[in-house]
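The values are calculated or read from the model by the stated rules, or taken from the named source; none is laboratory data. Please read all numbers here as calculations on a predicted model, not as lab measurements. Ideal geometry is used to build each Cβ from the backbone, glycine not excepted, and the neighbour counts take in all protein chains shown.
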Amino acid sequence: MKKIGDYYGKNPFPVEDLWWLIGLFEGEASFMSANKHRPHSPRISIGMTDEDTIAKVSRIIEVKYHSRIPSSGRKRIYAVDIKGTRAVEIMILFYPYMSNRRKTKIKEALKTYKPRKYYRGESHHNTKLKPTDIKDIRKRRSNGEFLRQIAKDYCVTTGCISNIARRISWSHI
């Protein structure tokens, strides 16, 4: 089965699920702008009383869903909330297929979005290590030296040393 990423380059949704999601989001979803306190978090929210439908959305988009009981004694509502970069990616992907009203809401949401800056390695304000330290740590670890001793020498945690040695952190070096 072809994925939508085969056509648009980025999205992991299967084609059949894409069209189903677009139709559902056109009718049921809310596209919301980021606010001044959270400029990195435009949101898409969709809620309904059909748990199976929300569970399918949750499975396709790979986010958890939640439920709440309205205070007025009505049926339980199931919902999915998508925030931040993931919401922006979906808005951009769905935009060409939405009605003018939805397109306007998506434009407003995208206008308020400010992507986060991620600092890696030395450019991060909290770094204690330099690229030369990273190379030395990996060399010492590959020679069988204990995590605890290496961590003590660099004044960092054993978890930090483990992540460096396994290339989970500082993977760009």
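Does segment 96-109 contain any residue that is free of Cβ contacts under 8 Å to residues at least 12 places away in the same chain and small (G, A, S)?
Within segment 96-109, not a single residue is free of Cβ contacts under 8 Å to residues at least 12 places away in the same chain and small (G, A, S).
Tell me the residue from R38, R68 that is under 18 Å from the mean Cα position of the chain (by Cα) and modelled with pLDDT under 95, please.
Going through R38, R68 in turn, just one is under 18 Å from the mean Cα position of the chain (by Cα) and modelled with pLDDT under 95: R38.
I want to confirm something. Restricting to segment 92-106 and keeping residues that are of a type in the set (D, E, K, R) and surrounded by 14 or more Cβ atoms within 10 Å (Cβ to Cβ), which single residue is nearest to G23 (Cα to Cα)?
Within segment 92-106, the match that is nearest to G23 (Cα to Cα) is R102.
Determine whether F31 is surrounded by 12 or more Cβ atoms within 10 Å (Cβ to Cβ) and either modelled with pLDDT under 85 or not in a helix (DSSP H, G or I) (or both).
yes
Kindly provide the set of residues from segment 107-128 that are within 18 Å of the chain's Cα centre (by Cα) and either of a type in the set (S, T, N, Q) or buried (at least 16 other Cβ atoms within 10 Å of the Cβ) (or both), ordered by number.
The answer is A109, L110, T112, Y113.
In the list K83, K36, which residue meets the criterion of being in contact (Cβ under 8 Å) with a residue 24 or more places away in the chain and out of contact with any Pro (no Cβ under 6 Å at 6 or more places or on another chain)?
K83
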